[in-house]
Structures are given as C-alpha cells and as structure tokens.
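The next block holds one structure in the form of structure tokens; read it before the comments.
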Amino acid sequence: MHIAIIGAGLGGLMLARVLHVHGIAAIVYEADASPQARRQGGLLDIHEESGQQALRAAGLHDAFRALIHAGGEASRVLDQHGTVLLDEGDDGTGGRPEVARGELRRILLDALPDGCVRWGHKLTSVTTMDGGQHMLSFANGATATSDLLVGADGAWSRVRPLLSSAQPGYSGIAFIETYLFDSDRRHQASAQAVGAGALFALAPGKGIQAHREADGVLHAYVALSKPEEWLAAIDFADPAAARACIAAQFAGWAPALTALITDADTPPVPRPVHLLPVDHRWQRVAGVTLLGDAAHLMAPAGEGANLAMLDGAELAQALAAQPGDMDAALLAYETALFARSSVAAAESKRILHLCFGDEAPHSLVQFFAGMQDAGPERAV
C-alpha cells in the first residue's frame, strides 16, 4: 500500500514517524527544496494532552525534553502604557514547555528512514482513480499513485477540495511578524518589557505580542484588527515605510513596546489570520483524509501544532490497529478529529476575542487568573 503524505510540517512528519514505529511505510512529499529552505518559526508550547502524547507515541518524548527552552512558560500582560497587569514566572512545573519549532521538526526528520521525505515535490494536481486511488502530479514533473492520500499541506491545502468545498476566511485580524536580535545588549528596554517568556501588550483591536527566544532574540507579532484591503495597501517591499505605517497605529504606546516594530532587525512580514469554519467536517471519501491546518485551520492560540501532531499520531495508530480495513480506520480517526477540533476551534476564537475585544487587556488577565485557579498550565 502506498501512503502519500503531502506536507513535511509537524503533523505530516509525525504521521510518517508513528507509521514507521508500527512498521508501516509512507512517503512524505514536500514542496520545499530542503529542510533549510524556510525559517521554521519561533517557539511552540507543547501540551501534555496533545503534542506530548503524540511525541510519546513516536518514541521521541525524551528527545523533546532535551529541547525545552528554560523559562519560556513565563507570561506577562501589559497595557499600552507598559504597565504590568500580570507577571507569571516559569517554575518548570507547567505542562506546556516551550521548544523551537525548527528543532522539533529536526528530531522528527532525524527519526525517519532515508528517502522517506521527497523534497522539491510541490503538488500541482490530484486525479481520482478507481478503488480510492489517486494520481498525484508534481511541479517537477514527477507523478505517483496513492492508495491513501493524506493532506498535511496546511491552510491552502490542495488535497482538501477532494473532501470539502470549505475555504479559509479572513478573521479580521492581521499579524505582522518582526524580530529583534541580541536584545539584552541592543534593545534593552524592549527586552525588559518582554521579560523571560511571552509578552501580551493589548488594547481593543490591536496588540503587540512577543516571545523571548534563545540568544536574546525577541520574536514579535503585531496584531491589528483591519480589513484585508488595509493590509494589502502597505508596501512591504519598503520595510521602513511599512514599519512607519504599522507603528502609526500604536501612537502613544510605551516606546519599549513600539520599538518592537520600529527597531526590528528584519523586514516586517504580514501574516493575516485565516480560519476554517469551527465545525469543519466532511463525508468519508475512499483513500483520502486530512490533518492539521488542512483539516481545522483556527486562530493562533497555542493549539495548531499540538493538534497537528496529535492528528498524525492518532491517524497512524488507527491505521495500525485496523490494517485490513483502511476505510474503518479513517472513519474512526475522522470521528475523533471532528469532535476535538471543533471544541479547540471555538476556544481559539474565544481567546482571540479576549486578546483584542473591547475588554482587552483586562479580559486576558482574567483568563490567566482562571487558568491559575484551574492548574499550572498556560493556554496561549
């Protein structure tokens, strides 16, 4: 049986790894030319009940523990004037330690057999054949036939249309990504404002969020509630002009916060937030399924990567449990997927509103206070 996984993100790689643990071969087709082709993003908080569960199924939990960014679970909430409203330290007892996405991806790649990932294979078209098979065509001229096709190819999945007509819609919130390097020496005020872990400086309709990464890197996401047309009108090819346009939306904010925009060491990169419907699901189709953002693209609230890895692990386990009945395995997997992803998507939309709604930042402070009462874990 040829299992074709489209996309070498965390979910696709987790699926391939857990299948390998169970002695089942798969091929991952990835559009990027190599593992180093793109920056892999910043820190991820890996949840005990999802991402860590998947890593245990993959036999990689110890390797994951070695990657933990000490202190990364600390959280601060500030108002626009820089007043600290909440300051939680990281005592190492939380269930959501932070690791670098790129390092997490590396340990998954290293745990796969040679040739499992086919780099430089951008899927261009899929043709449905008899018996649940699919013919895959790639931009490099290669073709392949799958017995099981898994779309792990993210928000703009080319596999999703085989199952669903749903398309991601703009959430009304756009993030703009920036980095400041060597912050303890070159950007001291901003480094102090961010603290040891995550910063949430919020107001209704806008915010500056940042995370301290290794080697004094401050990785920021500037959030604005704006129409897509407003974002599209910014000339990001002119970084200085783009920074000025974005910073103008934060006039009167504390300089240590606005410096995360104006003093950035990288050009600002727009990241508009798109969402699939909260209850996105599909009817069972022979020989194809989805995982991760392809299945349940939701607001960024700490769940996306965790759910993608859990999806990959559970799909592999379902296939291993019913080797003679792939359709039954897929039905079991999708039934559980739909239930958990709809709950997570609804909660992520709620957290997005807590961060940027009319009561921000106090709504997020109250949310964190409730999490403290419930236990030591941080939700965003």
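Assuming R0 = 51 Å, what is the FRET efficiency of E359 and M129, from their Cβ-Cβ distance, to the nearest 0.05?
0.45
Springs join every pair of Cα atoms under 10 Å in this Gaussian network model of the chain, and among W119, W230, W253 the largest mean-square fluctuation is at W230.
Relative to the longest principal axis of the Cα atoms of the chain, helix 101-110 runs at roughly 30 degrees.
Each DSSP beta bridge with both residues in the chain is either parallel or antiparallel, and the antiparallel ones are about 75%. Couplings for the stretch 230-247, taken from phi via the Karplus curve 6.51 cos²θ - 1.76 cosθ + 1.60 with θ = phi - 60°, read 4, 5, 5, 7, 7, 8, 6, 6, 10, x, 5, 5, 5, 4, 5, 5, 6, 4 Hz in order; Gly and Pro are left as x. Dividing the convex hull volume of the alpha-carbon atoms in the stretch 278-327 by its residue count gives 72 Å³ per residue. Amide hydrogen proximity for V117: with H placed 1.01 Å from N in the peptide plane, the residues at 5 or more positions away or on another chain lying under 5 Å are V28. Computed over protein heavy atoms with a 1.4 Å probe, the accessible surface of the chain works out to 41 Å² per residue.
Rounded to the nearest 10 degrees, the angle from helix 304-321 to the longest Cα principal axis of the chain is 20 degrees. Once the C-beta distance of A339 and L109 is scaled by a Förster radius of 30 Å, the resulting FRET efficiency is 0.50 to the nearest 0.05. In the chain, helices alone account for a calculated mean residue ellipticity at 222 nm of -10500 deg cm²/dmol, with every DSSP H run of four or more residues adding -39,500 (n - 2.57).
Cα centroid separation, the stretch 300-315 to the stretch 49-66: 12 Å. Send over the Kirkwood Rh of the chain, from the inverse of the averaged 1/r over different Cα pairs, rounded to one decimal Å. Mean inverse Cα-Cα distance, inverted, gives 21.6 Å.
Surface composition of the chain: carbon and sulfur make up 51 percent of the accessible area, probe 1.4 Å. Here the Karplus relation 6.51 cos²θ - 1.76 cosθ + 1.60, evaluated at θ = phi - 60°, turns the backbone of the stretch 47-54 into coupling constants of 7, 4, 7, 9, x, 5, 4, 5 Hz, with x for every Gly and Pro.
Oblate is the label for the stretch 55-127, because the ratio a/c of its alpha-carbon gyration tensor axes (a ≥ b ≥ c) is 1.5 or higher and a/b is not greater than b/c.
Relative to the longest principal axis of the Cα atoms of the chain, the long axis of helix 10-21 makes an angle of roughly 40 degrees. Projecting the Cα positions of L163, H134, Q209 onto the charge dipole of the stretch 120-222 (unit charges on Cβ atoms of Lys, Arg, Asp and Glu, taken about the Cα centre) puts Q209 furthest along the positive direction. Residues whose amide H comes within less than 5 Å of that of G357, counting only those at least five positions distant or on another chain, are G205 (H built at 1.01 Å from N in the peptide plane).
Counting 0.36 nm for each residue step from R186 to H22 and taking away their Cα separation leaves a gain of 54.1 nm.
Phi angles of the stretch 149-161 translate, via the Karplus equation with coefficients 6.51, -1.76, 1.60 and θ = phi - 60°, into HN-Hα couplings of 10, 10, x, 10, 9, x, 4, 9, 3, 8, 8, 3, x Hz per residue; Gly and Pro are given as x.
Quick one: go through the stretch 101-125 and flag any residue whose amide nitrogen is under 18 Å from the point 7 Å out along the Cα-to-Cβ line of Q167. Zone members listed by number: 125.
Between the stretch 151-216 and the stretch 225-284, what is the C-alpha centre distance in whole Å? First find each Cα centre; the distance between them is then 9 Å.
When the Gaussian network model of the chain links Cα atoms closer than 10 Å, the mean-square fluctuations of A111, A63, A294 top out at A63.
For L86, the residues whose modelled amide H falls within less than 5 Å of its own, excluding neighbours fewer than 5 places apart on the same chain, are V77.
The values are calculated or read from the model by the stated rules, or taken from the named source; none is laboratory data. These numbers come from a predicted model, not from an experiment. Every residue, glycine as well, gets a Cβ built from its backbone with ideal geometry; the counts of neighbours run over all protein chains shown. Surface accessibility is based on the protein's heavy atoms, side chains included, excluding ligands, DNA and RNA. Shrake-Rupley method; radii C 1.70, N 1.55, O 1.52, S 1.80 Å.
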